[in-house]
1. For ALA158, work out the one condition from (1) modelled with pLDDT of 95 or more; (2) within 30 Å of GLY45 (Cβ to Cβ); (3) buried (at least 20 other Cβ atoms within 10 Å of the Cβ) it doesn't fulfil.
2. Looking at region 119-138, which of its residues are within 30 Å of GLN264 (Cα to Cα), surrounded by fewer than 21 Cβ atoms within 10 Å (Cβ to Cβ) and of a type in the set (A, V, I, L, M)?
3. Considering GLN329, GLN283, which residue is outside the structural domain of ASP94 (by TED's automatic domain parsing) and either β-branched (Val, Ile, Thr) or within 15 Å of the ligand (Cβ to nearest atom) (or both)?
4. For region 13-55: of the residues being hydroxyl-bearing (Ser, Thr, Tyr) and surrounded by fewer than 17 Cβ atoms within 10 Å (Cβ to Cβ), which is farthest from LEU178 (Cα to Cα)?
5. Quick check on region 167-181: of everything there that is modelled with pLDDT of 95 or more and out of contact with any His (no Cβ under 9 Å at 6 or more places or on another chain), which residue is farthest from the ligand (Cβ to nearest atom)?
6. Of all residues in region 159-189, how many are under 22 Å from the mean Cα position of the chain (by Cα), assigned to a loop (DSSP other than H, G, I, E, B) and small (Gly, Ala, Ser)?
7. Pick out the one residue from ALA100, ALA109, ALA87, ALA118 that is part of a loop (DSSP other than H, G, I, E, B), under 19 Å from THR145 (Cβ atoms) and not acidic (Asp, Glu).
8. Quick check on region 252-278: of everything there that is touching a Gly at 6+ places or on another chain (Cβ under 7 Å) and in a loop (DSSP other than H, G, I, E, B), which residue is farthest from the ligand (Cβ to nearest atom)?
Amino acid sequence: MPQVALPVHEAPSGADFLPLNGTDHVEFYVGNARQAAHYYRSAFGMRLIAYRGPETGTRDRASYVVEQGKIRFVLTTALSPSSPIAAQQFAHGDGVKAIALTVDDATSAWRETTQRGAVSVTPPTEQRDESGVVITASIALYGETIHTFVERRNYPGAFFPGYRAVDEDFVVRPTGLLHIDHMVANVGWGEMNRWVEFYRDVMGFRLYQHFDDRDISTEYSALMSKVMSNGNGWVKFPINEPAQGRKKSQIEEYLDSYGGPGVQHIAMATHDIIETVSRLRNQGVEFLRVPGAYYRELESRVGKIDEPVGALEELGVLVDRDDEGYMLQIFTRPVEDRPTLFYEIIQRKGSRSFGKGNFKALFEAIEREQASRGNL
Ligand code: FE2
């Protein structure tokens, strides 16, 4: 798999200097990629589509690509203790390494962002095989997380050059997951605005929503959050920082456990949250429980909804409304032993919000778990 550094040319300046076509994939560094792939297949119903490792000529790592709808995860593990991948996995546990964004021109994306202050991780690099060409370039983000720009040029092969296609996956049990709605970062004390400015100044994003510690606080713990959106609104990154509360913020617990900032949760969209969450539960995905009192007050808070409240209560699905409509959401427990990354399942019915009205109910549920680990 030849990798070639490309020359960097000047490009004409436009209104949106970083046009994004969505999330190409999310790459995780994990301790055991074979078993992690099995978890996402058997529990989340994703399909194994591609693999690379020693059998395909990659000596230092093994990567499994799983997919459902437009969601694509790459699970990568080190094959030797001296690998930098092993060092990162040792420091953080399993977690998100790369948020890869699809672009028409990876070289331009890399140049426009590095000229605005992004730190380059990998300059534009061409990967080629008999199927065609993929060009990637990466820039540094919070902690050891990176953004990778992916230019596929209609690449028809298995994911990327160097991967082999997996023809059939006998495990697959789809759950109706469609696409990534948003991905949330946890950053350190006082760091939120630095990363808001990064997305604004370096990536050309704009501030979409803002929550302060009056919105998102419980008796014990608090956080602040700002949601950044790209030009066409297809890519949204909320950024959280801990705020002062009576006890340890859940964001601080994450930072301590992960060993620094990183991706807190990935929200995946569905057209039918009751069906999706029922299937996920049957396949072993564990969700946060919600106090019964939440559902007694639900209809007075959000008004009439299409879904039976009893079914939502049984599953623990939360509901929030704004002037445009409503949305339903639910959160998994962390999917690692360290209380770090978790998932959100979301169904939007008009609302473009992030569930401000649910924060309190949700965080009280999270804190019950935090207390059970002796961290509150
Ligand atoms: Fe979320």
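The values are calculated or read from the model by the stated rules, or taken from the named source; none is laboratory data. Worth saying up front: this structure is predicted, and the values here are computed from it rather than measured. We place every Cβ from the backbone using ideal geometry, glycine too, and count neighbours over all the protein chains shown.
1. Failed condition: (1).
2. VAL119, VAL121
3. On the way: GLN283 fails: either β-branched (Val, Ile, Thr) or within 15 Å of the ligand (Cβ to nearest atom) (or both).
So the residue among GLN329, GLN283 that is outside the structural domain of ASP94 (by TED's automatic domain parsing) and either β-branched (Val, Ile, Thr) or within 15 Å of the ligand (Cβ to nearest atom) (or both) is GLN329.
4. Looking at residues that are hydroxyl-bearing (Ser, Thr, Tyr) and surrounded by fewer than 17 Cβ atoms within 10 Å (Cβ to Cβ), I get SER13.
5. Here the answer is PRO174.
6. Taking region 159-189 first, the residues under 22 Å from the mean Cα position of the chain (by Cα) are 159-160, 172-189.
Next, only the ones that are assigned to a loop (DSSP other than H, G, I, E, B) stay: 159-160, 172-179, 187-189.
Subsequent filtering for residues that are small (Gly, Ala, Ser) retains 176, 188.
Qualifying residue count for the region: 2.
7. Matching residue, one of ALA100, ALA109, ALA87, ALA118: ALA118.
8. GLY260
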